[in-house]
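The values are calculated or read from the model by the stated rules, or taken from the named source; none is laboratory data. The structure displayed is predicted, hence computed values, not measured ones. FYI the Cβ positions are ideal-geometry reconstructions off the backbone, even for glycines, and counts take in every protein chain you see. The protein model used for the area step is the full one, side chains on, heavy atoms only, and it has no ligands, DNA or RNA in it. Shrake-Rupley method; radii C 1.70, N 1.55, O 1.52, S 1.80 Å.
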Amino acid sequence: MANRSKKGGVLKFLSRRLGSKTAEGNRKLSEIIKEMGFRLLKDPDAAVSPQAVETVILLASAAWNAALGDQGLRKRHGEILGTIISKVGQPWPELTSTDTDGLISGLIEYKKTYYPRDRRRIVATEGRPNGNVRVYWVEDDNLVIAPFGSTKSNAATARAKPGRTIAARLVAKMKREIREKVVDIRSVIEGRVTAEELQKTVVTRQKLAAYHPAHAAYLYAQNQMSVMSELITSLDEMAALADIVAKAEDLYLPSGPPMSPLTASYFTCWAFFDLCAEPANETIGTIVSDLGAAFGMNSELQRLIRLMQESRMGIYIHEGTEPRLAILRDLITGVQCRAIVPAGYLGNKGEIWYARVLPPPIPGTPEHVVFTTPYIVLGPPLREWQAYFRRTIPDAPKQVLLDAYERHMKFGPTRRYWNDFVFEGYVNHTAEVIYLEGLPDLPESRPHSKANLDRFWQRNGRNGARERETR
C-alpha cells in the first residue's frame, strides 16, 4: 500500500458526522418507505393484497439502501420475493411492472431527489395486520427500532457529505481524461512501467498450479487487488482510505509472528475489503469493482473480488476433520462448511477459530477456503463467547440479528476493534496457526491490553515504571 501524507480531517470508521436534523430526517422512515412503495401500485387507493404490500415494501427498502451505497438487499430481493410469493401469492396484477430491478432503479432516483440527506440505513421491516410498518434501521452504526406510531428517530439523522462517491468521481475523472484526450505522454509511459513492474509481483501461473485450485483462484484475485490498490491509492480521491491504511501499517506492523500477530493475509483482507470510508461506506474492493465494471475488467476476476468483498472474519466451532478438510460451523449463523486450510493446520474438534472463510470460488465445487492463517482462541470457553454475542448483538427478529452479526464481524463497533483483539490477544504461534486469548469487549481478558500492561507496571512498582519510561 502506498504511504501518503494525511489530508483533511480524520474519517471515523463506519460513523458519520452528525449535523442538525432536516425536515426529511424528522419523518418516520416507515411512512417514507410506504410512500415510495405505493408508487409501484397501479391503483394505490384500491384495496391492496398482503403479497403486493410486502413486495412494494421490499422493493422500496432495497431502493432506499441502494441509494445509500448498500446493494445487499437489492441483490437478495429476488430470493426474498420468491419466499413471499410461495407463502401468500403473486403480486404482479397489482404492480405497475414485473421488472423489479427497473422498479428499484426508479425508486433510487426518487430517494435521491426527495430525501438526499437522510442517511438512515434499513436492516429489516416488519408488517402489522393493520397496515402499519415497523422499520429497523442503523444510524451512526447503532440499531434503532422505531416503535409503531413513532414520529421520528430517537437518534440524530446523519448528514451525508456533499459530492459523489469515491468510485463515481474516479470513473468520471478517467472517462473525462479519455474523452478530452489531454494526456501527458511522460505520465503514460511512467504509469505503464509502474503497472508492468507491479504485475511482475503477481504470483505466476506455474506457481499457482502448485496450490489447491480453490486457493489458487483467490490468491490470484488477491494479487491483482494488490496491484490495483498500489495504482489507485496514490490518487487524491483515495486519500481517506490510503491514510488510514498507512497509519494502521505503522501501528500493527502486519507481517505475522514474531513481529506481529496480524498476518499479511489478515491485514490485506481487512484493508481491501473491510476498511471503509464515508459517505457511502466504500472499500478499496468496491471501488476496484466499480472501476472494473466501467472499464472492462475480466468478469471472472470481478466475480472473485466480489466474493472476497462480501466475506468477513467469523467465530467458528471446529467440528472435526475429513481428509485435507476442516469442518467448521459459524457460532451464530449455524452454517457448517468443509474447508481447505492452506496454512496447513486442520485443527481439533471443539476448538474456537477466528478466521476468514471464503465460499467455493469455482462453481460446482464444495471446498470453502480458510484464507487467513487460523487464529485459535484458547480461552475463554464457548459459553463466554455466546454471552459476548448476547451482549453485543441486539435482541431482535432472526434476520435483524443475523444482519447485525454480519456487520459486527465485518466492521466492529470501531475501526480498530478486531485488529486490537488479535494484536492484544496473542499468546503463541507455530508456522501453521496463531493462538489468542480473551474477548473483544473485555480488555482485561486480553494478555497485551493496556489494562493488563498497566497492572504489570503497577505490580513492578517504581522500577517497572522507570523501565517503561525508557521504552
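Some points to look at:
- Test: residue in the stretch 30-41 that is at pLDDT 90 or above and open to solvent by 60 Å² or more (accessible area, probe 1.4 Å): yes
- Hits in the stretch 434-457 (condition: crowded, with 19+ Cβ neighbours inside 10 Å and in contact with a Ser or Thr (Cβ under 9 Å, 6 or more places away or on another chain)): Ile434, Gly438, Leu439, Pro440
- Selected residue (only one of Ala343, Ala326 is over 22 Å from the mean Cα position of the chain (by Cα), under 30 Å from Gly292 (Cβ atoms), of a type in the set (Gly, Ala, Ser) and open to solvent by less than 50 Å² (accessible area, probe 1.4 Å)): Ala343
- Checking each residue in the stretch 45-68 for being closer than 20 Å to Tyr114 by Cα and surrounded by fewer than 18 Cβ atoms within 10 Å (Cβ to Cβ) picks out no residue at all.
- Taken over the stretch 207-238, the criterion of being more than 27 Å from Glu278 (Cα to Cα), touching a Ser or Thr at 6+ places or on another chain (Cβ under 8 Å) and open to solvent by less than 30 Å² (accessible area, probe 1.4 Å) is satisfied by Ala214 alone.
Every residue, every condition in (1) free of Cβ contacts under 8 Å to residues at least 60 places away in the same chain; (2) surrounded by fewer than 21 Cβ atoms within 10 Å (Cβ to Cβ); (3) of a type outside the set (S, T, N, Q); (4) closer than 21 Å to Leu262 by Cα, yes or no:
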{"position": "Gly364", "(1), (2), (3), (4)": "yes, yes, yes, no"}
{"position": "Thr373", "(1), (2), (3), (4)": "no, no, no, yes"}
{"position": "Pro380", "(1), (2), (3), (4)": "no, yes, yes, yes"}
{"position": "Glu384", "(1), (2), (3), (4)": "yes, yes, yes, no"}
{"position": "Arg390", "(1), (2), (3), (4)": "yes, yes, yes, no"}
{"position": "Ala396", "(1), (2), (3), (4)": "no, yes, yes, no"}
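- Filter pass, Leu241 being surrounded by fewer than 19 Cβ atoms within 10 Å (Cβ to Cβ) and touching a Ser or Thr at 6+ places or on another chain (Cβ under 8 Å): no
- Qualifying residues in the stretch 84-106 (those that are among the polar types (S, T, N, Q) and under 32 Å from the mean Cα position of the chain (by Cα)) - the one least open to solvent (accessible area, probe 1.4 Å): Thr100
- Residue in the stretch 398-409 that is assigned to a loop (DSSP other than H, G, I, E, B) and polar (S, T, N, Q) present: no
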